[in-house]
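Heads up: the structure comes next, in structure tokens.
The values are calculated or read from the model by the stated rules, or taken from the named source; none is laboratory data. Just so it is clear, the model here is predicted, and its values are computed rather than measured. Ideal geometry is used to build each Cβ from the backbone, glycine not excepted, and the neighbour counts take in all protein chains shown.
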Amino acid sequence: MGTRLHDISRPIRAGIPVWPGDTDFDFRFVAKIAEGSSVNVGRIEMSVHTGSHIDAPLHFDDAGADAASVPIENYVGPCVVADVRPSARGIHPDDLPAGLDAAARATGRVLLRSYGERPADFDEHMAHATPALADWLAEHGVRLLGIDTDSMDAFESKDLPAHRQLNNHGIAILEGIDLSKIAAGRYELIALPLRIEGADGSPVRAVLIEREE
């Protein structure tokens, strides 16, 4: 049996779309070999919600856990990738494909693909989760929900009901992954957040492991 690795992280580079008003990504060298330094040294400025990232509970709850305190076992283990085509009302249980209930129970981690190809610009009409979906996931023993859009809630939402209900059920949040080249099915996920104390989120290098017969 062999394995294949699928990188489902979005490349972080200048011009990557960010939430309107959030920090634009910037990378630059502060030391260069070409300018006489013994090494190249770079620095970055970015939001912790740039590209593929996790939301820590602190993102929407002042009393919530920070990125350094979230249970890392949520972000490593079996998962299932499934396609959804929700309406503007968000992703509800009846938008999920047939048979997902068994796969969700078996893996404990669900990654939802709503895009064919990800838009080049920030998508204010992104698909998003709902409290009803969070309840369904909890009923099926899910510990992590991943989505290929930039938020679990609608762009215009201020009270973030899906974020809050997912957290109420202890379901970890993974956002902004790229599933455009991934077939629906079961994989193993690795999407570990950085151990940033006091941070409300963290970028991740998200990878799927596919076992081949």
Restricting attention to the stretch 38-52, the residues that are farther than 12 Å from Arg28 by Cα and over 24 Å from the mean Cα position of the chain (by Cα) number exactly 2
Looking only at the stretch 23-68, filter to residues that are surrounded by 15 or more Cβ atoms within 10 Å (Cβ to Cβ) and of a type in the set (Asp, Glu); which one of those is nearest to Ala120 (Cα to Cα)? Asp55
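Of Gly141, Gly170, Gly201, which residue is under 24 Å from Leu58 (Cα atoms), of a type outside the set (A, V, I, L, M), surrounded by 21 or more Cβ atoms within 10 Å (Cβ to Cβ) and at pLDDT 95 or above?
Result: Gly201 is the single residue among Gly141, Gly170, Gly201 that is under 24 Å from Leu58 (Cα atoms), of a type outside the set (A, V, I, L, M), surrounded by 21 or more Cβ atoms within 10 Å (Cβ to Cβ) and at pLDDT 95 or above.
Residues checked against (1) of a type outside the set (Lys, Arg); (2) at pLDDT 95 or above; (3) closer than 23 Å to Ala154 by Cβ:
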residue	(1), (2), (3)
Pro78	yes, yes, no
Asp83	yes, yes, yes
Gly99	yes, no, no
Ala102	yes, yes, no
Gly108	yes, yes, no
Phe122	yes, yes, yes
His128	yes, yes, yes
Ala132	yes, yes, yes
Positions within the stretch 164-204 being more than 27 Å from Ala132 (Cβ to Cβ) and among the β-branched types (Val, Ile, Thr), in sequence order: Ile190, Ile196
Tell me the residue from Asp101, Asp66, Asp61 that is under 24 Å from Pro161 (Cβ atoms) and assigned to a helix (DSSP H, G or I), please. Asp101
So, in the stretch 124-151, how many residues would count as being part of a loop (DSSP other than H, G, I, E, B), in contact (Cβ under 8 Å) with a residue 40 or more places away in the chain and farther than 20 Å from Thr50 by Cβ? 2
The residue that is farthest from Val142 (Cα to Cα), considering only those in the stretch 97-118 that are over 15 Å from the mean Cα position of the chain (by Cα), crowded, with 16+ Cβ neighbours inside 10 Å and touching a residue at least 40 places away in the same chain (Cβ under 8 Å), is Ala103
Which of the residues that make up the stretch 76-96 are more than 15 Å from Ile147 (Cα to Cα) and surrounded by 12 or more Cβ atoms within 10 Å (Cβ to Cβ)? Val76, Gly77, Pro78
When the stretch 69-97 is checked residue by residue, the ones that are closer than 21 Å to Asn167 by Cβ and part of a strand (DSSP E or B) are Val76, Gly77, Cys79, Gly90
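Which of the residues belonging to the stretch 130-162 are aromatic (Phe, Trp, Tyr) and within 12 Å of Ala104 (Cα to Cα)?
Trp136
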Neighbours by Cβ (under 8 Å, 6+ apart or cross-chain): first from the stretch 14-26, closer than 11 Å to Glu45 by Cβ and outside any loop (DSSP other than H, G, I, E, B); second modelled with pLDDT of 95 or more and not small (Gly, Ala, Ser): Asp26/Ile44; Asp26/Glu45; Asp26/Met46
Failed condition for Tyr115, given (1) in contact with a strand residue (DSSP E or B) (Cβ under 6 Å, 6 or more places away or on another chain); (2) not in a strand (DSSP E or B): (1)
Any residue at all in the stretch 202-212 that's of a type in the set (Gly, Ala, Ser) and more than 13 Å from the chain's Cα centre (by Cα)? no
